[in-house]
Amino acid sequence: METLWPTSKESSESFADALCVWVVRLDAVGALGEEVAATLSAEERQRAEQFRLEQARRRFVLTRAALRTLLGKQMGVPPREVPLVLGMHGKPRLADGACAVDWRFNVTHSGEIALIAMTIGCEVGVDIELVRPVRQAEHIARRYFHPRESAAVRAAASGQRDVTFLRIWTAKEAVLKALGKGIAGSLTGFSVPTGPHDGAWIDVPDRRCWLQPLEPVHGYVGAAATVEARRAAQLFTLDWREM
Ligand SMILES: CC(C)(COP(=O)(O)OP(=O)(O)OC[C@H]1O[C@@H](n2cnc3c(N)ncnc32)[C@H](O)[C@@H]1OP(=O)(O)O)[C@@H](O)C(=O)NCCC(=O)NCCS
């Protein structure tokens, strides 16, 4: 699996106006796995123990370790000491007053890929999905998408239907995750572009989000959204050996 983004040793290039997004290959951690897993808090390790599926457990542990490491580097603290707490609807954030810099971040994982998005001063959401057959894509779209989005899924050639659905799905999820609502938010209350685009403002009730498509690895589709701020995505591949 070849990632399409460059690796970066130093990741602090001007976060102020940028959205830095790392693609994390969960299958590339190799022998470093145990070492990076040791960066989790006791609470997170306890949560990891509760996953029934080994793949889900590993995905959570490695993504959280990567997040802690990236935040720790920026904050100048060891990964384990990064004070993560859960906000409303379970969105991880930094504890109030933990840092003079207003870091905001979000993570997503699917298959063997995670994305970690970080910026300063505005909320961010990110979502990725492995492209795969989606059972009842048209039905789900009719029920939960905006009519324009649902029409695009219906109109897609049969070989393109799954990817069309997943592009729209990840865009909507990214917006809802930026707002901190996740699936508790309404998917029908706003619409996203259904064709190719490099970035677009999305109107959601009382606010707007800047949405960008992200396709870091062949076979995956995703998107990132920032609330009330247009932040150009800078894309990196996380190198586990540099962590
Ligand atoms: C967040 C959510 C969208 C996850 O979707 P998903 O496609 O299964 O998973 P993803 O990999 O894209 O994202 C998961 C990550 O999003 C983050 N996250 C969790 N809740 C979040 C929220 N409300 N908003 C934004 N991000 C959230 C977490 O970091 C999580 O990863 P982690 O658990 O490994 O730390 C979904 O679980 C959700 O909507 N949760 C909120 C549910 C809720 O509010 N329930 C209220 C009672 S019904």
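The values are calculated or read from the model by the stated rules, or taken from the named source; none is laboratory data. Keep in mind the model is a prediction, meaning the values are calculated, not measured. Reconstructed Cβ throughout: ideal geometry from the backbone, glycine too, with neighbour counts over all protein chains shown. Please note that ligands, DNA and RNA were not included when accessible areas were found on the heavy atoms of the full protein model with its side chains. Shrake-Rupley method; radii C 1.70, N 1.55, O 1.52, S 1.80 Å.
How large is ³J(HN,Hα), in whole Hz, for each residue of the stretch 45-59 in order, when computed from phi with the Karplus curve 6.51 cos²θ - 1.76 cosθ + 1.60 and θ = phi - 60°, using x for Gly and Pro?
5, 5, 5, 4, 4, 7, 5, 7, 8, 4, 5, 5, 5, 4, 4
Label-point separation (nm) for E215 and V77, each offset 7 Å from Cα along Cα-to-Cβ?
Placing both labels 7 Å along Cα→Cβ, they lie 4.0 nm apart.
Could you work out the helix-only [θ] at 222 nm for the chain, with each DSSP H run of four or more residues adding -39,500 (n - 2.57) and the total divided by the number of residues, to the nearest 500 deg cm²/dmol?
Numbers: 6 runs with 70 residues, N = 243.
Rounded to the nearest 500, the figure is -9000 deg cm²/dmol.
Straight-line reach from K172: which aspartates and glutamates have Cα under 17 Å away, leaving out those fewer than 8 places along the same chain?
E123, D127, E129, E138, E149, D162, D198, D203, D206, E215, E228
Angle between the Cα long axis of helix 161-178 and the longest principal axis of the chain, 0 to 90 degrees, nearest 10?
50
Provide the net charge surrounding N106, with neighbours chosen by a C-beta distance below 10 Å and charges set as Lys +1, Arg +1, Asp -1, Glu -1. Let's see the in-between values first.
Working: positive: K91, R93, R104, K177; negative: E123, D127.
Overall, the nearby charge balance is +2.
Just going by the charge dipole of the chain, with Lys and Arg at +1 and Asp and Glu at -1 on Cβ, which of F236, L86, F165 is farthest out on the positive end?
Result: F165.
Run through the stretch 10-104 and list the GluC sites (Glu not before Pro) located in a DSSP loop whose Cβ has at most 15 other Cβ atoms within 10 Å.
Working: sites: E10, E13, E34, E35, E43, E44, E49, E54, E81; in loops: E10, E13.
Those satisfying the criteria are E10, E13.
With all protein chains present, how much of the accessible area of the chain (probe radius 1.4 Å) comes from carbon and sulfur, to the nearest whole percent? Write out the running numbers ahead of the final one.
Numbers: 5970 of 12050 Å².
So the carbon and sulfur contribution to the accessible surface is 50 percent.
Could the peptides 55-66, 156-167 be put in order, highest first, of the mean number of other beta-carbon atoms found within 10 Å of their residues? Don't skip to the end; give the middle numbers.
Details: 55-66: 20.1, 156-167: 16.9.
For the peptides 55-66, 156-167, the packing ranking is 55-66, 156-167.
Would you mind telling me which residue in P196, P216, P133 has the biggest mean-square fluctuation in a Gaussian network model of the chain, where springs connect alpha carbons within a distance under 10 angstrom?
It is P196.
Please list, in order along the stretch 206-223, the HN-Hα scalar couplings obtained from phi with the Karplus expression 6.51 cos²θ - 1.76 cosθ + 1.60 (θ = phi - 60°), rounded to whole Hz, x for Gly and Pro.
Using θ = phi - 60°, the values come out as 6, 8, 9, 10, 8, 10, 10, x, 9, 10, x, 9, 4, x, 10, 10, x, 7 Hz.
State, as an integer percentage, the relative contact order of the chain based on alpha-carbon contacts under 8 Å between residues 6 or more apart. Spell out each step's value before the answer.
Details: 458 pairs, mean separation 63.5, N = 243.
Relative contact order here is 26 percent.
Compute the distance in nm between two label points, each set 7 Å from the Cα along the Cα-to-Cβ direction, one at R207 and one at D17.
2.3
Using a 1.4 Å probe, what is the accessible area per residue for the chain, in Å²? If you can, show how the numbers build up before the last one.
Working: 12050 Å² over 243 residues.
Roughly 50 Å² per residue, with all protein chains present.
Evaluate the charge dipole of the chain about its Cα centre and quote only its size in Debye, nearest 20, assuming +1 on the Cβ of each Lys and Arg and -1 on the Cβ of each Asp and Glu. Walk me through the intermediate numbers first.
Details: 31 positive and 29 negative charges, 149 e Å.
Around 720 debye, computed over the chain.
What's the FRET efficiency of S186 with R230 using the Cβ-Cβ distance as r and R₀ = 25 Å, to the nearest 0.05?
0.60
Along the Cα→Cβ direction, 7 angstrom out, place labels at L86 and L130. What is the inter-label distance in nm?
Between L86 and L130, the label points sit 2.5 nm apart.
Please list, ordered by chain and number, the residues whose modelled amide H lies under 5 Å from the amide H of V131; skip anything fewer than 5 residues away on the same chain.
So V131 has HN proximity to Y220, V221.
Show the residues, 5+ positions off or on another chain, whose built amide H is closer than 5 Å to the amide H of V204.
The list, which skips near neighbours in sequence, is C209.
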